[in-house]
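Report on one structure; see the data block that follows.
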Amino acid sequence: MALADPAGCARGSEDSSPFPDIIELNVGGQVYITRHPTLVSVPGSLLWQMFTQKNSRSLARDSKGRFFVDRDGFLFRYILDFMRDRQLVLPEHFPERGRLQREAEYFMLPELVKLLEPKLSQQNSLGDDPCQSDPEEPSPGGDTARSLASAAVAEGRRAGFITIGYRGSYTLGRDSQTDAKFRRVARIMVCGKTSLAKEVFGDTLNESRDPDRPPERYTSRYYLKFTFLEQAFDKLADAGFHMVACNSTGTCAFAHEQTDDRIWTSYTEYVFYRE
């Protein structure tokens with residue numbers, strides 16, 4: 001009498017699900033590898049609905065066959081961590097709490113939404129209770145405004161430096177006034193703390209050269225998706241940053257040995273600071 005094959009029995013029990021035990025996800029360009037039970041651990045959630053289907057063909061995939069979710073890849077790590085152990089653990093001075101709450105709502109995780117609500121509601125309620133004002137203060141409205149401003153600074157407007165690096169070049173012929181040929185600027189580099197860079201530039205920040213950098217770590221490898229310095233300066237000004245220093249270096253070389261054309265290359269850095 002032949003003995004039953006345990007592996008065969010296991011396969012038979014898994015045939016009812018079209019998904020493997022180990023699943024690769026591409027969330028907004030960030031790749032995550034997790035187990036199928038983790039993705040279906042919260043009944044009724046969006047991921048539970050996606051990965052309890054009888055047919056996986058309806059789900060979007062990227063060019064390498066990974067399941068694709070068009071959401072914030074950086075914040076998804078906290079969504080996945082919550083689904084693993086039902087706890088919310090965020091870095092100190094986490095500046096994207098509001099965006100994470102929006103992601104939790106999208107993925108239909110009401111428990112996580114509640115965990116993210118108290119800190120937000122505490123800020124919003126500062127001006128609701130008239131007893132919050134100082135009885136010796138002649139203007140309660142001014143006290144409320146200062147409290148809200150202080151809460152905003154403590155939550156998302158921390159002090160720090162951001163350095164913008166800009167490399168450009170152009171060719172000058174014999175007539176420097178008419179023969180100038182400017183080349184397109186390849187990249188505008190961003191150096192500084194990851195959390196500050198993400199806060200200021202948001203979706204216009206390209207993180208492909210230094211992915212998965214923790215929010216409290218520093219990087220010098222981020223660059224912007226646009227090539228206009230003024231656009232970068234506008235974003236920094238809107239976030240409360242002011243330029244405090246800049247420096248520039250330049251080099252010159254002949255474009256062709258047989259001509260007088262010269263290529264000028266310059267590299268400039270602008271240092272911004274927010275108190």
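The values are calculated or read from the model by the stated rules, or taken from the named source; none is laboratory data. Everything quoted here is computed from the prediction, not taken from an experiment. FYI the Cβ positions are ideal-geometry reconstructions off the backbone, even for glycines, and counts take in every protein chain you see.
Descriptive notes on the structure:
- Options Ser45, Ser58, Ser41; residue that is among the polar types (S, T, N, Q) and loosely packed, with under 13 Cβ neighbours inside 10 Å: Ser58
- Selection within the stretch 205-240 - assigned to a helix (DSSP H, G or I) and either surrounded by 13 or more Cβ atoms within 10 Å (Cβ to Cβ) or of a type in the set (Gly, Ala, Ser) (or both): Leu229, Gln231, Ala232, Phe233, Lys235, Leu236, Ala237
- So Arg61, is it at pLDDT 90 or above and farther than 25 Å from Glu216 by Cα: yes
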